[in-house]
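I have placed the structure first, in the form of structure tokens, so that the comments after it can refer back to it.
The values are calculated or read from the model by the stated rules, or taken from the named source; none is laboratory data. All values derive from a computational prediction rather than experimental measurement. Ideal geometry is used to build each Cβ from the backbone, glycine not excepted, and the neighbour counts take in all protein chains shown. Areas reflect the complete protein model, heavy atoms only, side chains present, ligands, DNA and RNA absent. Shrake-Rupley method; radii C 1.70, N 1.55, O 1.52, S 1.80 Å.
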Amino acid sequence: HDIDQSEVNSSTGLYAAITAFGGILPAGIDRVIGHVTKDARNPLFVQDKPWEPRIDNGYPNVVHDPADISGVYKLWYGDCVKGCGTQILLFANSSDGFTWEKPDLGLFDVGEVREDLAHIHKHNNIILKGGGIGVYKDIFDTNASRRYKAFGVGCFAPLGESECISGTATSPDGLVWHDPIPLPFPKPQRYDCHSNIIYVPSRQRYLATTRDYTASGRDIGITWSQGDEFAFSTKAAPALVEQGTADSQLYSQITFPFHDAFLGVVMVYNIGNSSQKVHCRLAYSTDGDDWDWVDAGGLTGADFIPLGETATRAECPQWNSVFNDCSAYKNGSTKAHSICKGSRTRTAVDLSKDACRRACDSAPSCDVIQWQGERIHGFNDSQPGQCFMLGSCAATEPYDTPISHDFCIAIERCSRPLTSSVPNAFDSHICFAAARPIELADGIRVYYMGGNGPHSGDRNSSFAVAHLGLDRYAGVGGTGNLTTAHAVAVHGPKLVISADVRSGGFVRIGIRGAAVLGVTDCVPVTANATRAAVEFKSNMTFAHFVGTSITVEIHVHRSTIYAFGFPVVS
């Protein structure tokens, strides 16, 4: 995938500062994540329909089209309608992106997946049966019947119940789908994530982002289409481009272009921590193949969309035993156990009993633990064992299996004052970014699905939006001198810049080593600027250089640069 970086962004003429200066930055300059502000109207909607018992990760996809009569803003999102083994794709629309409607589509009979909801029939906002589906409005395809592209696991027949595949499909409107094409990628690819696609005009190819599942757990894989056709080879698994660890796994990535670069909002799952939070963090790439983290902290670095506040829940003052046969098992007993009736949530990793109690303290609806001590650890409660969390334990029932003698069970209930717990923020634990950010004249909207409890525990999911200024996903900032790693094409006569300048700071920019239109000729930029024209003391423009390439030099002091370039003149 060799690519001429100077020609990538010929349509706009702007360049992303995050990649413009090469991989290693000079001392005093760092890559930084832009400042994101959450909307005061959040959450925009919650899981409030009978067929939305658990929106879960949601895997949202947002399209903005002012000319579309079916909704200026359109959303496709997922739902675990009968446990996450049975998922569905739903639709919502909005005139302003803040007030959303879940329309009665009349497409899918919800009774096919939930017999108890058969009376609702097709009066719902369900499109089809499937999960982890990325939806993309393809403005580059001249065939209007293929305007929308889907990538993931879905039943893409007109009724949304058959022709179920793991692969791609197309649609004229994003509601009724056709032409399902299976894509049976070999291992380590797996479809259990938010698969998503974009078209990259500079390469005349589609870029597909999915998941690889390696020894370390969940990782990110990327593959490219065969030419400009919406078709992918399955001879090899998608290339592994980002890798997590056993404790910090990469759940999914939303990939999108940013001027001449690519950005990816990566969902990082802290599976090794009892809180089981999923963070939205930011990665970047010059070519879509080689990726790195924006923040120096990498996997455990700063969030792109910060999680909401986790309620400070008072530590349980007293745990009372409901059932405990661990002492008996230490003395040789093999009698049947008792367990609480009802549903329970197991933590992602085994914990000691005290750690199981702490995990329950951090879960918003947990007041009971069911801990299983292992024979291999001598039924010792200071050693790891299976930890289950419950909201209550009104009654117990016998529990006996062929392997029951290999563990003991301790059930404890917290005696907690009713006033000791305050609800978590709607996005205290979970962030799943939407495909893709929406760029408007007054800024960028990043939609996401937030969750208020552990990934594998009880939680409610809510749709929300965060804002940031134009070009301000990420940049380079500090104090020092920068030179572009390659010559950049001049597409128009004016040089513009997007930057944030702190008190006492400035930015100077121009042709490297030039007296005219160089950094010494530049009138310093001393205030925040968004695609603002740079002025020069000589009053010269870059008209003479249009159609050529130049090396750009930038001097920054207490400032952050997000983008610069030479906009195309219509």
request  = For the stretch 210-268, list log₁₀ I(q)/I(0) at each q in 0.17, 0.19, 0.24, 0.30 Å⁻¹, using the Debye formula over Cα point scatterers of equal strength and ignoring solvent, two decimals each.
outcome  = -0.63, -0.75, -1.00, -1.17
inquiry  = Using the basic label-point model (7 angstrom from Cα toward the beta carbon), what is the THR99 to ALA40 distance in nanometres?
reply    = 1.8 nm
inquiry  = Using a 1.4 Å probe on the protein heavy atoms only, what accessible surface does LEU517 show? Give it in Å² to the nearest 10.
reply    = 10 Å²
message = As I understand it, the dipole of the stretch 283-390 uses +1 on the Cβ of Lys and Arg and -1 on the Cβ of Asp and Glu, about the Cα centre. Which of VAL349, ALA311, SER382 lies farthest toward its positive end?
response = SER382
ask   = If you count, for each residue, the other Cβ atoms within 10 Å and average over each peptide, how do 524-536, 252-264, 142-154, 96-108 line up from highest to lowest?
value = 252-264, 142-154, 524-536, 96-108
Cysteines without a disulfide-compatible partner [the chain; Cβ-Cβ under 4.7 Å] = CYS193, CYS522
ask   = Counting only heavy atoms of protein chains, what accessible area per residue, in Å², does the chain have with a probe of 1.4 Å?
value = 40 Å²
Peptides ranked, highest mean first, by Cβ atoms within 10 Å: ranges 376-384, 464-472 = 464-472, 376-384
message = Suppose the chain between ALA67 and ALA543 were pulled fully straight at 0.36 nm per residue; how much longer would it get relative to their current alpha carbon spacing?
response = 167.8 nm
ask   = THR86 versus ALA118, label points 7 Å from Cα toward the beta carbon: distance in nm?
value = 1.2 nm
key: Mean separation of Cα contacts under 8 Å (6+ apart) over length of the chain, as relative contact order %   = 15 percent
ask   = Among the trypsin sites (Lys or Arg not before Pro) within the stretch 259-350, which fall in a DSSP loop and have no more than 14 other Cβ atoms within 10 Å of their own Cβ?
value = LYS335, LYS341
request  = Note down the magnitude of the dipole of the stretch 204-361 about its Cα centre, charges +1 on Lys and Arg C-beta and -1 on Asp and Glu C-beta and zero elsewhere, to the nearest 20 debye.
outcome  = 1260 debye
ask   = Once the piece of chain linking VAL568 and GLN204 is laid out straight, how much longer is it, given 0.36 nm per residue of separation minus the C-alpha distance between them?
value = 129.0 nm
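Going through the cross-link list LYS74/LYS494; LYS74/LYS187; LYS149/LYS235; LYS137/LYS187; LYS74/LYS122; LYS129/LYS235, which pairs have a Cα-Cα distance over 25 Å in this structure?
Those over the limit are LYS74/LYS494; LYS74/LYS187; LYS137/LYS187; LYS129/LYS235.
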inquiry  = Between 0 and 90 degrees, rounded to the nearest ten: what's the tilt of helix 353-362 against the longest Cα principal axis of the chain?
reply    = 60 degrees
remark   = Order by accessible surface, 1.4 Å probe, largest leading, for residues TRP319, TRP76 comes to TRP319, TRP76
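What order, most packed first, do the peptides 115-122, 303-310 have when packing is the mean number of other Cβ atoms within 10 Å of each residue? Let's see the in-between values first.
Working: 115-122: 12.6, 303-310: 18.9.
My ranking of the peptides, most packed first, is 303-310, 115-122.
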ask   = Counting only protein chains, not ligands or nucleic acids, how are ILE24, ILE198 ordered by accessible area (probe 1.4 Å), most first?
value = ILE24, ILE198
inquiry  = Please list GLU163, GLU374, GLU412 from largest to smallest accessible area, probe radius 1.4 Å, with all protein chains kept in place.
reply    = GLU163, GLU374, GLU412
note = Given the candidates LEU117, CYS280, ALA236, the one whose Cα lies deepest towards the positive end of the charge dipole of the chain, counting +1 at each Lys or Arg C-beta and -1 at each Asp or Glu C-beta, is CYS280
ask   = By how many nm would the segment from ALA336 to ALA215 lengthen if fully extended, with 0.36 nm per residue of separation less the alpha-carbon distance?
value = 39.9 nm
key: Option label - P(r) over Cα pairs in 20 Å bins from 0, in percent computed here, alternatives (i) 17, 39, 26, 14, 3, 0; (ii) 19, 47, 27, 6, 0; (iii) 19, 52, 27, 2, 0   = (ii)
note = If every Lys and Arg gets +1 and every Asp and Glu gets -1 at its Cβ, then about the Cα centre the stretch 447-570 yields a dipole, in debye to the nearest 20, of 120 debye
task = Please label the shape of the stretch 121-190 as rounded, prolate or oblate, based on the square roots a ≥ b ≥ c of the eigenvalues of the alpha-carbon gyration tensor (a/c under 1.5 means rounded; beyond that, a/b larger than b/c means prolate, else oblate).
result = oblate
inquiry  = Per DSSP helix of 4 or more residues, -39500 (n - 2.57); summed, then divided by the residues of the chain. What does that give at 222 nm, rounded to the nearest 500?
reply    = -1000 deg cm²/dmol
request  = Mind giving me the nanometre distance, one decimal, between the label points for GLN226 and SER327, set 7 Å out from Cα along Cα→Cβ?
outcome  = 7.0 nm
ask   = Where nothing but the Cβ of Lys and Arg (+1) and of Asp and Glu (-1) is charged, how large is the charge dipole of the chain around its Cα centre, in debye to the nearest 20?
value = 700 debye
task = Between beta-carbons, use under 11 Å as the cut-off and find the net charge around SER338, counting Lys and Arg +1, Asp and Glu -1.
result = -1
task = Provide the per-residue ³J(HN,Hα) series for the stretch 484-492, in order, calculated from phi with Karplus coefficients 6.51, -1.76, 1.60 and θ = phi - 60°, each as a whole number of Hz, with x at glycine and proline positions.
result = 4, 6, 8, 5, 10, 6, 9, 9, x
